[in-house]
Amino acid sequence: MKIIEGRYFKELTESSGGDVAVPTVLPWYPDNLAYQLNVTRKEIRRQEIYFRLHNFLVAETESGSISRQETVSMLPPLVLGVKPHHTVLDMCAAPGSKVSPILDMNMMCCSGQYFQTTQLLEAVHDLPEGELPTGLVVANDSDNSRCYMLTHQVKRLQSPCIIVTNHDASCMPNLLIPDKEPEKLTSLKFDRILCDVPCTGDGTLRKNADIWPKWNPVNSCNLHGVQYRIAKRGLEMLAVGGRMVYSTCSLHPVEDEAVIARILQECGESVRLVDMSDSLPGLVYSKGLLDWKLGSKKGEMYEKFEEVPEDVAIAQIRPHMFAPPRKVGERLGLEKCLRLLPHHHNTGGFFLALLEKVALCPWESANVKKQTKDVATEEVVEDVENLEIKTEEPPQKKMKGMRFRGFREDPFIYFNDDEGVFDIIRKYYDLSLPPQYCLHRNKEGGSTKKNHIYLSTPRCREIVENNTEKVKIINTGVKSFARADNKGSDCDYR
């Protein structure tokens, strides 16, 4: 901050040219840690004064000191209020995760979602130097190749408490962790969830020129279903008392308030909207909408579902996409949602809503009752069977593991207490680090040499070791030691 303010920003401020843009501090970002500089790529290349600043920003971005992204995309991690002990899920984390097969690729937006993941990681690591968080971040994306791009980007922060997974967020499997009862597993519930869903990206129309000729109001209707399913799955994975942000870079209410209204009406009193107006002082925004209309490709506008022609209704528009009655919308608190319009802060358009889970969702409560009833029935049956003569049952076929697409990852093999290789490393470098924190990824049955040794936290180990069969884990841990056979010392690792 001292370098960038004292050298580069000062140079821009003292420049005699009237067309030189000066960076401004974002008033709503904590501790004055965010700046906005309104220049284009052409301007950066054309003027020497920008060129030097640009080179500095590129170098510092590579080292992990700076992140550059769309201004409004920094809002969701801020309003979540992540703490070092929180277990956090980023459901659609990777860059380009806004792309949907439903629409034309060029029409979708990519606002740099992996920087949201780094913001979450920074919040988890907000501890005194030398301490490791008890929480962690699970960053998920449905696209295999983008998961590797995400892995590359988060490595800049060198965090041992992140896990990258590759799943469709709308049907993401539960992560299992040890239960209080011995030899039992239970589903992990997250304290905070970021749900930045795939969208049409029509809020980015200033920088994405392709949106202008290709936009039509029905595109949003095509995405409403998947956005709703992702948000609903997020609430299922959220702990009672936890919070989830739902956000898009779209301004169409079918992708925004309509999804929130549908979720809230299905959840009843178990989920509520949280007022964010006081959490970001200095932020200019518009309140969520209570009324909106829907349109067809031909430009016909409808205020209620009964006005929609049958052929349009079957193919595109559904009743739950319309605004609920005004009194219902007020009761749900839809005005607590935030809409960032381009003229507010000279940014792209953005929508976000903060949800708090105060009780189990109705369908979750029904499942709990059913499971309790099933367990009671099984106990009665077991008592009866114990009185009878049992016959041997034919061996059952072993269930096959989940089929994964993309590159098959090497296994994550954690060290035990008696790991000889790590004992040598620990003695040579005089470390107090326990071996249970470390892992390698050499294929089982292959070479006994461990080329790279990674560091992760005990919480990560819990998740990795109990979910290798049903969850596709792309990466975890920080590369800490690398084999160097020509090192010429008592230890073969640097």
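The values are calculated or read from the model by the stated rules, or taken from the named source; none is laboratory data. Everything numeric in this text was worked out from a predicted model, so none of it was measured. Here Cβ is always computed from backbone atoms with ideal geometry, including for glycine, and neighbour counts include all displayed protein chains. The accessibility values were calculated without ligands, DNA or RNA, using every heavy atom of the protein model including side chains. Shrake-Rupley method; radii C 1.70, N 1.55, O 1.52, S 1.80 Å.
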Item to check | Among the residues listed as Leu37, Leu33, Leu57, the single one being open to solvent by 90 Å² or more (accessible area, probe 1.4 Å) and either within 32 Å of the chain's Cα centre (by Cα) or among the β-branched types (Val, Ile, Thr) (or both) | outcome: Leu33
Checklist entry - Looking at (1) at pLDDT 85 or above; (2) open to solvent by 80 Å² or more (accessible area, probe 1.4 Å), which is the one condition that is false for Glu48? => result (1)
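Evaluate the following for Thr165: is it within 23 Å of Gly135 (Cβ to Cβ) and either hydrophobic (A, V, I, L, M, F, W, C) or at pLDDT 90 or above (or both)? First the steps, then the outcome.
Working: within 23 Å of Gly135 (Cβ to Cβ): yes; either hydrophobic (A, V, I, L, M, F, W, C) or at pLDDT 90 or above (or both): yes.
Taking the combined requirement at face value, the residue satisfies it.
Could you check the range 303-393 for helices (runs of 4 or more DSSP H) lying wholly inside it with 3 or more residues that are modelled with pLDDT of 75 or more and closer than 28 Å to Met276 by Cβ?
Numbers: elements: 310-315, 326-332, 342-345, 362-386.
Answer list for the range 303-393: 326-332, 342-345, 362-386.
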Checklist entry - Inside the range 270-292, can you point out the residues that are charged (D, E, K, R) and at pLDDT 95 or above? => result Arg272, Asp275, Lys287, Asp291
Next on the checklist: Filter the range 268-295 down to the residues that are open to solvent by less than 50 Å² (accessible area, probe 1.4 Å) and under 28 Å from Ala313 (Cβ atoms) and list them by number.
Outcome noted: Gly268, Gly288, Leu290, Trp292, Leu294, Gly295
Item to check | Selected residue [farther than 30 Å from Val39 by Cβ, out of contact with any His (no Cβ under 7 Å at 6 or more places or on another chain) and not hydroxyl-bearing (Ser, Thr, Tyr)] from Val154, Val138 | outcome: Val138
Checklist entry - Hey, Cys249 hits all of (1) over 23 Å from the mean Cα position of the chain (by Cα); (2) surrounded by 20 or more Cβ atoms within 10 Å (Cβ to Cβ); (3) closer than 21 Å to Gly201 by Cβ but one; which does it fall short on? => result (1)
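Condition check ((1) under 26 Å from Glu409 (Cβ atoms); (2) exposed (fewer than 14 other Cβ atoms within 10 Å of the Cβ)) across all residues:
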residue	(1), (2)
Cys147	yes, no
Lys155	yes, no
Asn166	yes, no
Leu175	yes, no
Pro178	yes, yes
Asp196	yes, no
Pro217	no, no
Item to check | Out of Glu5, Glu70, sole residue that is in contact with a Cys (Cβ under 8 Å, 6 or more places away or on another chain) and either open to solvent by 30 Å² or more (accessible area, probe 1.4 Å) or on the phi > 0 side of the Ramachandran plot (or both) | outcome: Glu70
Checklist entry - Between residues in the range 481-493 that are within 20 Å of Phe415 (Cα to Cα) and charged (D, E, K, R) and residues that are open to solvent by less than 20 Å² (accessible area, probe 1.4 Å) and modelled with pLDDT under 75, which pairs lie under 8 Å by C-beta distance while being six or more apart or on different chains? => result none
Item to check | Residue check, Leu26 open to solvent by 50 Å² or more (accessible area, probe 1.4 Å) and out of contact with any Cys (no Cβ under 8 Å at 6 or more places or on another chain) | outcome: no
Checklist entry - Would you say Val82 is among the β-branched types (Val, Ile, Thr), over 30 Å from Cys460 (Cβ atoms) and either touching an Asp or Glu at 6+ places or on another chain (Cβ under 8 Å) or assigned to a loop (DSSP other than H, G, I, E, B) (or both)? => result no
Next on the checklist: Condition check: at pLDDT 90 or above and either open to solvent by 10 Å² or more (accessible area, probe 1.4 Å) or not in a helix (DSSP H, G or I) (or both). Does Glu465 satisfy that?
Outcome noted: yes
Checklist entry - If a residue has to be open to solvent by 20 Å² or more (accessible area, probe 1.4 Å) and either over 12 Å from Lys287 (Cβ atoms) or aliphatic (A, V, I, L, M) (or both) to count, how many in the range 323-345 make the cut? => result 12
Checklist entry - Hey, Val271 hits all of (1) more than 16 Å from Gly348 (Cβ to Cβ); (2) under 18 Å from the mean Cα position of the chain (by Cα) but one; which does it fall short on? => result (2)
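Out of the range 8-30, which residues are within 35 Å of the chain's Cα centre (by Cα) and of a type outside the set (A, V, I, L, M)?
Once the filter is applied, which keeps residues that are within 35 Å of the chain's Cα centre (by Cα) and of a type outside the set (A, V, I, L, M), the range 8-30 yields Tyr8, Phe9, Pro23, Thr24, Pro27, Trp28, Tyr29, Pro30.
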Item to check | Selection within the range 203-227 - under 21 Å from the mean Cα position of the chain (by Cα) and touching a residue at least 60 places away in the same chain (Cβ under 8 Å) | outcome: Gly203, Thr204, Leu223, His224, Val226
Checklist entry - Do we have Leu290 as in contact with a helix residue (DSSP H, G or I) (Cβ under 9 Å, 6 or more places away or on another chain) and more than 30 Å from Asp141 (Cα to Cα) here? => result yes
Next on the checklist: For the range 143-178, give me each residue that is touching a strand residue (DSSP E or B) at 6+ places or on another chain (Cβ under 8 Å), under 28 Å from Gly241 (Cβ atoms) and assigned to a loop (DSSP other than H, G, I, E, B).
Outcome noted: Ser159, Pro160, Cys161, His167, Met172, Asn174, Leu175
Next on the checklist: Considering only the range 153-161, I want to know if a residue exists there that is more than 20 Å from Leu75 (Cα to Cα), touching a residue at least 12 places away in the same chain (Cβ under 8 Å) and touching a Cys at 6+ places or on another chain (Cβ under 9 Å).
Outcome noted: yes
Next on the checklist: Which condition from (1) more than 35 Å from the chain's Cα centre (by Cα); (2) over 24 Å from His344 (Cα atoms) is the one that Arg45 breaks?
Outcome noted: (1)
Checklist entry - Is there a residue being at pLDDT below 95, open to solvent by 10 Å² or more (accessible area, probe 1.4 Å) and not β-branched (Val, Ile, Thr) anywhere in the range 252-267? => result no
